[in-house]
Amino acid sequence: MSPVHRGASRRLFIEAKRILPGGVDSPVRAFSAVGGTPPFIRRARGARILDEDGRSYVDFVMSWGPLIHGHAPAGLITALADVAARGTSFGAPTALEVDLGLAVRRLMPSVERVRFVNSGTEATMSALRVARAASGRDRVIKFAGCYHGHCDAFLVQAGSGATTLGVPTSPGVSRAVAADTLVAHYNDLGSVDRLFRAHRAQIAALIVEPLAGNMGVVPPAAGFLEGLRTLCDRHGTILIFDEVISGFRVSPGGAQERFGVRPDLTCLGKIIGGGLPVGAYGGRTDLMEQVAPAGPVYQAGTLSGNPLAMTAGLWALSQLSPALYARLDRLGQRLATGLADAARQAGLDLQVNAHGSVLTPFFTASPVRDYQSATRTDTAAYARFFRGMLTRGIYPPPSQFEAWFLSGAHTTRHIDLAIEAARATMHAMRRRARTARKKSGARRQETGDA
Ligand code: KE4
C-alpha cells in the first residue's frame, strides 16, 4: 500500500516543529518509533477520530486511556457546557471536589482520603513525597519498564515514551536523585527481596503498576502483587499502586479490587478526569493527613479540583456499570483472539497480552512477562504493522510499548474492521518478507556468497 499522503497534517507537522519541540506536546505522538507523519486530529466522536485531511480512523489510543466512554459522549458534553456557564475555575473549594472524592472512596475503599491534582505525574510525584515524609526514608523501588509520569525520581528505566525513544533513564535527572531510585524486575519477587535486603530500612516506598501498561500490557503473575504487599509489610515500606491506567479500567475499583490487594497509597489519572486533566493520590488516613494544610507535606495546584474537570470525572464514574465491563471484556477478547488468528494465518510470530479492555500485540514467539522480554520483541515489525493498520483506517498506539484501549463506544463492527485490517496488513508483511528474502538470496548467488 502506498504511504498515505497527508497534505494538511504534513504541513501542520512542519509548522508545529517550528514552535513545539518535535512538533508535539507529548513525545509518543510524534510517531518517532513507527515513522511517517502523525495525522493532526480535527475532531472525534464515539470510537472514531477524523484528521485534518478528512481521513477517519477507528481509534485504539482513546487519548491513552481516559475515554472509557468514547470520544465526546453527549452526556459529558452537556454536563460540561452546563458547568462551564457557571465559571471554569475559582481557586476556592467547591462541592464538586467533595462529590468526586466520595465517589472515588466508594469505588476504592483503600482511598480513605484523596487529593486532586492535574495529571498522573503530579499524583505519583506527590504520593512519593508523602511516603518519604511519613517514613523518614529516601529510597523508592520501581520496576524496569513501568512508567509513573515524568517526575525525576521515576525517569529511571522508565517505560512508555521513555523506552519508545530509547531514553529509559532521562538526561537531566541528577545522579543524587537517581541514586535513591532502585529498580526491580516486574513479576520477579526475588529481585525485590534482594533490594530490600541490600537497602534495609532505607526504602520509603515501592511503586508499581498493578497491571503494567507501559512496556506494553503485562499482567501481574499469580502471587506477584500479594508478594509485594508481604515484603512491604515486612520492611515497613509504603506500597503505592499507580492505577493511572488500571483505575476504573480493569474494574470499577481498579486493579486493587480486581486482584484483591490493598495498597497504602493509590495514584489515579486518565478515567478519573473523563478526558479532562485530573490526577489524584490518596489512601490511608494517617498518611494523607500529612498533606498540607492538614499536615506539613506541601503540595498545591492552581487548577486542582476545578469544576470543569470534577464534573467530567463525576460523569465518567457515574456511567461505569457491570454491563459496560462485561461488554469491554467481550470486545477485548474478540480483538485479542482476532489479532492472534490473523498472525497465525499469515505465519507471523505474535503474542497478544490482554486484560479486559487493554491489550498489546508483540511480534515475538516467546511470552512477554517483563521489561526484558518486552524489549526483545521485533519493534520494527510492530512499526510496519502500525503503518499498515493506519493506511487501512485503524489507529493503534504508535509505539510497541503502549496499551491499546477500547471504550464503551466501540462495537463488534469496529473490532471486526480492525481484525480485517490486521489480516490484510500481516499478509502484506509476510509477502514483503518473502520478496526481501528472495532478493537477498539472488544477490548472494550473484556475488557467490550463497
Ligand atoms: P500523565 O502525567 O501523563 O497524566 O500520567 C503519567 C502516568 C502515570 N502512571 C501511568 C501508569 C501512566 O501510564 C502515565 C501516563 N501514560 C502515558 C501513556 N502510557 C501517557 C501518554 C503520554 O505520555 O503521552
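Those strands (runs of 3 or more DSSP E) of the range 229-303 in which 3 or more residues are in contact with a Ser or Thr (Cβ under 9 Å, 6 or more places away or on another chain) and surrounded by fewer than 24 Cβ atoms within 10 Å (Cβ to Cβ) are absent.
Could you list, in sequence order, all residues of the range 169-195 that are within 25 Å of the chain's Cα centre (by Cα), part of a loop (DSSP other than H, G, I, E, B) and over 16 Å from residue 238 (Cβ atoms)?
Hits for the range 169-195 are 169, 170, 171, 172, 173, 185, 186, 187, 188.
Going by the structure shown, is residue 444 open to solvent by 20 Å² or more (accessible area, probe 1.4 Å), assigned to a helix (DSSP H, G or I) and either of a type in the set (D, E, K, R) or in contact (Cβ under 8 Å) with a residue 24 or more places away in the chain (or both)? Before you say what the answer is, go through the steps one by one.
On the way: open to solvent by 20 Å² or more (accessible area, probe 1.4 Å): yes; assigned to a helix (DSSP H, G or I): yes; either of a type in the set (D, E, K, R) or in contact (Cβ under 8 Å) with a residue 24 or more places away in the chain (or both): yes.
Here the answer is yes, as residue 444 does meet what is asked.
Test residue 145 against the criterion of being in a loop (DSSP other than H, G, I, E, B) and buried (at least 24 other Cβ atoms within 10 Å of the Cβ), and give yes or no. Taking the combined requirement at face value, the residue satisfies it. With the structure loaded, tell me whether residue 381 is at pLDDT below 95 and away from the ligand (no atom under 16 Å from the Cβ) or whether it fails that test. Spelling it out, it is not the case that residue 381 is at pLDDT below 95 and away from the ligand (no atom under 16 Å from the Cβ). Scanning the range 196-228 for residues that are outside any loop (DSSP other than H, G, I, E, B), crowded, with 16+ Cβ neighbours inside 10 Å and free of Cβ contacts under 8 Å to residues at least 60 places away in the same chain gives 196, 224, 225, 227, 228.
The C-beta contact set for the range 144-170 (first residue closer than 15 Å to residue 22 by Cβ, second residue away from the ligand (no atom under 13 Å from the Cβ) and open to solvent by less than 20 Å² (accessible area, probe 1.4 Å), distance under 9 angstrom, 6+ apart or interchain) comprises 170/156.
Total residues in the range 393-421 satisfying the condition of being within 25 Å of residue 245 (Cα to Cα), open to solvent by less than 20 Å² (accessible area, probe 1.4 Å) and in a helix (DSSP H, G or I): the figure is 3.
For the range 62-79, the count of residues that are within 16 Å of the ligand (Cβ to nearest atom), at pLDDT 95 or above, open to solvent by less than 30 Å² (accessible area, probe 1.4 Å) and farther than 17 Å from residue 312 by Cβ is zero. For the range 354-378: of the residues being part of a helix (DSSP H, G or I) and out of contact with any strand residue (DSSP E or B) (no Cβ under 9 Å at 6 or more places or on another chain), which is nearest to residue 64 (Cα to Cα)? The qualifying residue nearest to residue 64 (Cα to Cα) is 375.
The values are calculated or read from the model by the stated rules, or taken from the named source; none is laboratory data. Worth saying up front: this structure is predicted, and the values here are computed from it rather than measured. With ideal geometry, Cβ positions are generated from the backbone for all residues, glycine too; neighbour counts draw on all protein chains shown. Heads up: the accessible areas ignore ligands, DNA and RNA and are worked out on the full protein's heavy atoms, side chains in. Shrake-Rupley method; radii C 1.70, N 1.55, O 1.52, S 1.80 Å.
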